[in-house]
Amino acid sequence: MKTVPKETPKDVAKALEPVIKRYREKKGNTISLLSDIQTTFGYIPEDAVDHVSRVLNLPSAEIYGVASFYAMFRFKPEGKYVVRLCRGTACHVQGSWLIGEQLQRHFGIPEGGTTEDNMFSLHYVACLGCCSLAPVMMVNGTVHGRLSPELAVEVLESYRSKA
Ligand code: FES
């Protein structure tokens with residue numbers, strides 16, 4: 001199994017310097033602070049929470065409390081390819097739920113999860129705004145439409161072979 005390279009606490013502290021500078025004088029901005037941490041690392045590493053908690057004198061329980069409340073924050077890195085499978089009405093009636101089941105089975109990932117090789121993360125989302133192409137999934141911003149469960153797997157396998 002491939003492992004995701006992990007930042008050391010020293011790397012984390014270094015990467016957070018501009019963020020710390022920005023929030024040193026601004027209290028009560030936990031959501032923006034978390035958002036900047038996530039932009040820096042692609043997720044919210046535990047070492048980053050420890051560091052900002054210590055340096056900004058913010059209780060880590062408060063940071064974790066806010067981060068856990070909002071679905072946009074994640075504590076694990078996303079895969080190289082983020083797959084957003086539409087579960088809006090048009091896509092649902094065209095069988096997007098079957099695509100979801102097939103992707104979960106084929107890649108062994110639950111909704112919201114990431115494959116062990118860190119290649120794909122799978123998220124179910126509301127209407128992506130291209131219902132005429134239903135059922136639709138978006139892979140890192142590229143839309144793939146008129147999918148079947150088999151075609152969706154083929155599309156993702158083609159990303160894997162390009163990687
Ligand atoms: S319902 Fe899927 S794109 Fe609109």
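Please treat every number below as a calculation from the coordinates, not as lab data. Given the structure is predicted, the values throughout are model-derived calculations rather than measurements. Virtual Cβ from ideal backbone geometry, glycine too; neighbours counted across all protein chains shown.
Can you tally the net charge around GLY129? Count Lys and Arg as +1, Asp and Glu as -1, for every other residue whose Cβ sits under 14 Å from the Cβ of GLY129.
+2
As a footprinting exposure proxy, order LYS21, LYS80 by other Cβ within 10 Å, with the fewest listed first.
In order of increasing Cβ crowding within 10 Å: LYS21, LYS80.
Would you mind telling me which residue in TYR23, TYR70, TYR124 has the biggest mean-square fluctuation in a Gaussian network model of the chain, where springs connect alpha carbons within a distance under 10 angstrom?
So, out of TYR23, TYR70, TYR124, the one fluctuating most is TYR70.
For ILE44, enumerate residues with amide H under 5 Å from its amide H, sequence gap 5+ or separate chain, H modeled in the peptide plane.
The answer is ARG74, PHE75, LYS76.
Could you list which residues have their amide H under 5 Å from that of LYS80, counting only those 5 or more apart in sequence or on another chain, with H placed in the peptide plane?
MET119, PHE120
Name the cysteines of the chain that stand alone by the Cβ rule: no other cysteine Cβ under 4.7 angstrom.
Lacking a cysteine Cβ partner under 4.7 Å: CYS127, CYS130, CYS131.
Could you work out which residue, out of MET119, MET137, MET72, moves most in a Gaussian network model of the chain, that is, has the largest mean-square fluctuation with Cα springs under 10 Å?
MET72
Which value in Å does the Kirkwood hydrodynamic radius of the chain take, with 1/r averaged over all unlike C-alpha pairs and then inverted?
Computed over the chain, the radius equals 17.4 Å.
Taking the Kirkwood radius as the inverse of the mean 1/r across Cα pairs, report the Rg/Rh of the range 81-162.
Rg/Rh for the range 81-162 comes to 0.93.
Order of HIS123, HIS51 from fewest to most other C-beta atoms within 10 Å?
HIS123, HIS51
If you take every residue apart from GLU154 with its C-beta less than 14 Å away from the C-beta of GLU154, what net charge results, scoring Lys and Arg +1 and Asp and Glu -1?
Spelling it out: positives minus negatives among the neighbours equals +1.
Pop out the ³J(HN,Hα) list for the range 46-56 in order, Karplus 6.51 cos²θ - 1.76 cosθ + 1.60 with θ = phi - 60°, rounded to Hz; leave Gly and Pro as x.
Working through the residues one at a time gives 4, 4, 5, 5, 4, 5, 5, 4, 5, 6, 9 Hz.
Please give the FRET efficiency for THR8 paired with HIS106, using the beta carbon to beta carbon distance and R0 = 35 Å, rounded to the nearest 0.05.
Numbers: r = 35 Å, r/R0 = 1.00.
Rounded to the nearest 0.05, the efficiency is 0.50.
Would you tally the net charge around MET72, using a Cβ to Cβ cut-off of less than 15 Å, leaving MET72 out, and scoring K and R as +1, D and E as -1?
Around MET72, the surrounding residues sum to +1.
In sequence order, what are the phi-derived ³J(HN,Hα) couplings for the range 102-108 according to the Karplus relation 6.51 cos²θ - 1.76 cosθ + 1.60 with θ = phi - 60°, rounded to whole Hz, with x for glycine and proline?
5, 5, 4, 5, 5, 9, x
Apply the Karplus curve 6.51 cos²θ - 1.76 cosθ + 1.60, θ = phi - 60°, to the phi angles in the range 121-132 and return the couplings in whole Hz, x for Gly and Pro.
Along the range 121-132, the couplings run 10, 10, 10, 9, 10, 7, 2, 8, x, 9, 4, 5 Hz.
For HIS144, HIS92, what's the fewest-to-most ordering of other Cβ within 10 Å of each Cβ? Mind dumping the intermediate values first?
Values: HIS144 18, HIS92 15.
Lowest count first: HIS92, HIS144.
Using a cut-off of under 12 Å, list every residue of the range 38-81 whose amide N is near the label point 7 Å from the Cα of ALA15 along the Cα-to-beta-carbon line.
Inside the label zone: 38-49, 76-78.
Pull up all non-local amide H partners of ALA134: gap of 5 or more, or a different chain, and H-to-H distance under 5 Å with H placed in the peptide plane.
ARG146
Rounded to the nearest 5, what % of the DSSP beta bridges within the chain are antiparallel ones?
Antiparallel bridges make up about 55 percent of those DSSP assigns within the chain.
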